[in-house]
Amino acid sequence: MTTFYDLSANSIRGEEIAMSDFAGKVVLVVNTASECGFTPQYKGLQELYAKYKDEGLVILGFPCNQFGGQEPGENQQIAEACQINYGVDFPMFEKVDVNGPDSHEVFQYLKKALPGLFGQNIKWNFTKFLLGRNGKPIKRYAPNKAPESIEQDIARALKA
């Protein structure tokens, strides 16, 4: 059976990164977009990362253009916009599909482990998946769930 740690993805700079690199950390996976009404969540995500990264939190951002064409840029443009506009320094990955036949293996795994209200599909940008230090998915959050509103769940996972 596949685990989260068996998967990999390409960083926004094109290097392959094994999810096993994050073993022992609490991981928050987020599908992102630069031109979405939820894009200001980058600020809250970065604040959570800055506050908890030394305790073992890592946030993994996966840009996606499947919802309203709200991530039209290329990887370099996306990386620059995240850094310039929100000071993002958590790991960002290449633009991926999160639904459909070409959905990235990370999202295939997470959607199967934690189906949402609409079954296994992701509803919109900024859907979040929290995984424990053991790589097991804990909880899925809707796009409108602000990063600061899940801080208690993150703190609890860090202490587990």
>> Just to check your reading of the model, which residue among G14, G24, G37 is exposed (fewer than 15 other Cβ atoms within 10 Å of the Cβ), within 22 Å of E94 (Cβ to Cβ), over 12 Å from the mean Cα position of the chain (by Cα) and not hydroxyl-bearing (S, T, Y)?
In response: G14
> Taking interchain pairs and intrachain pairs at least six residues apart, which have beta carbon atoms under 9 angstrom, with the first residue in the range 143-155 and touching a residue at least 60 places away in the same chain (Cβ under 8 Å) and of a type in the set (A, V, I, L, M, F, W, C) and the second part of a helix (DSSP H, G or I) and surrounded by fewer than 13 Cβ atoms within 10 Å (Cβ to Cβ)?
Replying inline: A155/E55
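Table: residues versus (1) in contact with a Lys or Arg (Cβ under 7 Å, 6 or more places away or on another chain); (2) part of a loop (DSSP other than H, G, I, E, B); (3) at pLDDT below 95; (4) not hydroxyl-bearing (S, T, Y).
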{"position": "L60", "(1), (2), (3), (4)": "no, no, no, yes"}
{"position": "N65", "(1), (2), (3), (4)": "yes, yes, yes, yes"}
{"position": "Q70", "(1), (2), (3), (4)": "no, yes, yes, yes"}
{"position": "Q77", "(1), (2), (3), (4)": "no, no, yes, yes"}
{"position": "E80", "(1), (2), (3), (4)": "no, no, yes, yes"}
{"position": "V88", "(1), (2), (3), (4)": "no, yes, yes, yes"}
{"position": "W124", "(1), (2), (3), (4)": "no, yes, yes, yes"}
{"position": "E151", "(1), (2), (3), (4)": "no, no, no, yes"}
> Can you spot a residue in the range 132-142 that is farther than 24 Å from E15 by Cα, hydrophobic (A, V, I, L, M, F, W, C) and not in a loop (DSSP other than H, G, I, E, B)?
Replying inline: yes
>> For the structure I just gave you, tell me whether P147 is touching a helix residue (DSSP H, G or I) at 6+ places or on another chain (Cβ under 9 Å), within 19 Å of P63 (Cβ to Cβ), of a type outside the set (F, W, Y) and modelled with pLDDT of 95 or more.
In response: yes
> Would a scan of the range 82-103 turn up a residue that is hydroxyl-bearing (S, T, Y) and touching a helix residue (DSSP H, G or I) at 6+ places or on another chain (Cβ under 6 Å)?
Replying inline: yes
>> Give me the residue from the range 110-142 that is touching a residue at least 60 places away in the same chain (Cβ under 8 Å) and out of contact with any strand residue (DSSP E or B) (no Cβ under 8 Å at 6 or more places or on another chain) and, out of that set, nearest to E71 (Cα to Cα).
In response: W124
> Can you name every residue in the range 109-122 that is surrounded by fewer than 16 Cβ atoms within 10 Å (Cβ to Cβ) and at pLDDT 90 or above?
Replying inline: K112
>> Just to check your reading of the model, which residue among K111, K43, K53 is assigned to a helix (DSSP H, G or I), under 17 Å from R140 (Cα atoms) and of a type outside the set (A, V, I, L, M, F, W, C)?
In response: K111
>> If I ask for residues that are surrounded by fewer than 20 Cβ atoms within 10 Å (Cβ to Cβ) and in contact (Cβ under 8 Å) with a residue 60 or more places away in the chain, which ones from the range 53-75 would you list?
In response: E55, G56, N75
> Since D97 meets every condition but one in (1) at pLDDT 90 or above; (2) over 21 Å from V27 (Cα atoms); (3) surrounded by 13 or more Cβ atoms within 10 Å (Cβ to Cβ); (4) of a type in the set (D, E, K, R), which condition does it not meet?
Replying inline: (2)
> In the range 90-108, how many are in a loop (DSSP other than H, G, I, E, B) and in contact with a Phe, Trp or Tyr (Cβ under 9 Å, 6 or more places away or on another chain)?
Replying inline: 8
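The values are calculated or read from the model by the stated rules, or taken from the named source; none is laboratory data. Note that the structure is predicted; figures quoted are calculated from it, not measured. Virtual Cβ from ideal backbone geometry, glycine too; neighbours counted across all protein chains shown.
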